[in-house]
Amino acid sequence: MIVRVKLPLGPTVRRKHGKNRKVALASSALLAPASLMAYVLGIWRLGSDMGLAGEFAITGLFSHWQIWMALGATLHIVAFALNRYGQSGDLRLPRVLMLGFGGVPATESSEQKAPASAR
């Protein structure tokens, strides 16, 4: 005996831009304080090296202020990009930061692209 069960078809999966906007905004909101923490640890380590602050508690690779500042800058850029993606639905970054990412680089607006004779 063969039993066939007919199930109704669900909604069609569509490709659309900006489907993870809420996740991007939440991640951006969490990465912003993390970048601030990395900046603070970098400043603390730099102050410790100059004798202006107490002894730095972390040893090893993360005992260098350059690592903390680079980490803070990286987290800050990622939080900025995720915030822009969450607000507009498109990943738009300045051309300087487009180092092989799949996003669309920021371009001039239509008002700025007007020919010189129209000005």
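The values are calculated or read from the model by the stated rules, or taken from the named source; none is laboratory data. Just so you know, these numbers come straight off a predicted model, no measurement behind them. Neighbour counts run over all protein chains shown; Cβ positions are idealised from the backbone, glycine included.
A few remarks follow.
- Residue that is surrounded by 13 or more Cβ atoms within 10 Å (Cβ to Cβ), at pLDDT below 90 and out of contact with any Leu (no Cβ under 8 Å at 6 or more places or on another chain), where the choices are LEU93, LEU71: LEU93
- Number of positions in the range 72-95 that are part of a helix (DSSP H, G or I), within 17 Å of ASN20 (Cβ to Cβ) and touching a strand residue (DSSP E or B) at 6+ places or on another chain (Cβ under 9 Å): 4
- Test: residue in the range 63-71 that is over 18 Å from the mean Cα position of the chain (by Cα) and part of a loop (DSSP other than H, G, I, E, B): yes
- If the condition is being loosely packed, with under 12 Cβ neighbours inside 10 Å and either within 21 Å of THR74 (Cα to Cα) or not charged (D, E, K, R) (or both), then the range 43-55 contributes MET50, GLY51, LEU52, GLY54.
- Exactly one residue among VAL40, VAL13, VAL5 is assigned to a helix (DSSP H, G or I) and either of a type outside the set (Phe, Trp, Tyr) or buried (at least 16 other Cβ atoms within 10 Å of the Cβ) (or both), and that residue is VAL40.
- Only one of the numbered conditions (1) at pLDDT 90 or above; (2) part of a helix (DSSP H, G or I); (3) out of contact with any Leu (no Cβ under 8 Å at 6 or more places or on another chain); (4) of a type outside the set (Phe, Trp, Tyr) is not met by SER28, and that is (3).
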